[in-house]
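Enquirer: The structure's right below; bear with me while I get my questions together.
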Amino acid sequence: MIFLQSNITPVFAFLTLVSNVVFVLCAVAFFVSKDFKTWVKNFLNENILSLLFGFSFVAMAGSLSYSQIVGFPPCELCWIQRIFMYPQVLIAFIAAYMKDKSAVVYMVSLSVIGAAVAFFHSMIHWGFNSSLLKCSAVGAPCAKVYILEYGYITLPFMAFTSFVYLAALGIVYLKSKN
């Protein structure tokens with residue numbers, strides 16, 4: 001399993017880092033360039049369900065890779081994050097099949113809650129230990145840091161990143177419809 005971890009982690013961490021940089025650049029361009037903003041809104045209008053399915057599927061696959069292939073046991077907070085991520089794959093798949101864009105509202109709601117839990121979990125991993133940031137874990141301890149890449153990328157931060165992307169895509173899409 002060490003072999004798998006040593007190969008999977010650098011790939012996922014690098015993809016998270018690159019996606020963080022691209023996200024920030026796109027966010028800046030979105031607020032600065034009217035043309036880019038228009039392009040994004042049109043692109044999301046046509047592809048929102050596919051994008052939501054793709055992002056949620058990759059997040060689920062990454063989560064399962066670490067627990068089922070690498071062998072990291074999920075802690076209590078990890079399970080809570082999974083509760084908010086895994087259904088999104090099915091919701092997005094069915095919504096894409098049915099061409100029902102109203103599902104975006106549900107996915108944004110799940111993503112915002114999941115992001116809050118993932119950020120809380122990330123804070124624990126980054127060393128913000130206070131009485132408010134304690135996890136009474138059953139199974140794996142929530143504070144155990146299995147990976148730490150580039151000084152900030154941990155497993156819960158990868159989940160946080162996915163939740164933020166899903167929420168941001170959905171919010172921009174919903175705002176463009178109003």
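The values are calculated or read from the model by the stated rules, or taken from the named source; none is laboratory data. For clarity, every value in this text was computed on a predicted model and none was experimentally measured. As a convention, Cβ positions derive from the backbone with ideal geometry for all residues, glycine included, and neighbour counts pool all protein chains shown. Side chains are part of the model used for accessible areas, which takes the heavy atoms of the whole protein and leaves out ligands, DNA and RNA. Shrake-Rupley method; radii C 1.70, N 1.55, O 1.52, S 1.80 Å.
Enquirer: Every residue in the range 120-178 that is assigned to a helix (DSSP H, G or I), loosely packed, with under 14 Cβ neighbours inside 10 Å and at pLDDT below 85, please.
Expert: Filtering the range 120-178 for residues assigned to a helix (DSSP H, G or I) gives 120-125, 131-133, 155-177.
In the following step, the residues that additionally are loosely packed, with under 14 Cβ neighbours inside 10 Å were identified as 131-132, 175, 177.
Passing the criteria: SER131, LEU132, LYS177.
Enquirer: Could I ask something else about it? Among (1) farther than 13 Å from MET158 by Cβ; (2) open to solvent by less than 60 Å² (accessible area, probe 1.4 Å); (3) under 16 Å from the mean Cα position of the chain (by Cα), there is one condition LEU17 misses while meeting the rest; what is its number?
Expert: So the condition that LEU17 fails would be (1).
Enquirer: Further question on the same structure: When the range 44-84 is examined, which residues are found to be of a type outside the set (D, E, K, R), over 15 Å from the mean Cα position of the chain (by Cα) and either exposed (fewer than 14 other Cβ atoms within 10 Å of the Cβ) or outside any helix (DSSP H, G or I) (or both)?
Expert: Once the filter is applied, which keeps residues that are of a type outside the set (D, E, K, R), over 15 Å from the mean Cα position of the chain (by Cα) and either exposed (fewer than 14 other Cβ atoms within 10 Å of the Cβ) or outside any helix (DSSP H, G or I) (or both), the range 44-84 yields ASN45, SER50, GLN68, ILE69, GLY71, PHE72, PRO73, PRO74, CYS75.
Enquirer: Which residues, counting only those in the range 19-77, are among the acidic types (Asp, Glu) and within 20 Å of SER122 (Cβ to Cβ)? Full working, then the answer.
Expert: Let us first name the residues in the range 19-77 that are among the acidic types (Asp, Glu), namely 35, 46, 76.
GLU76, the sole residue that qualifies.
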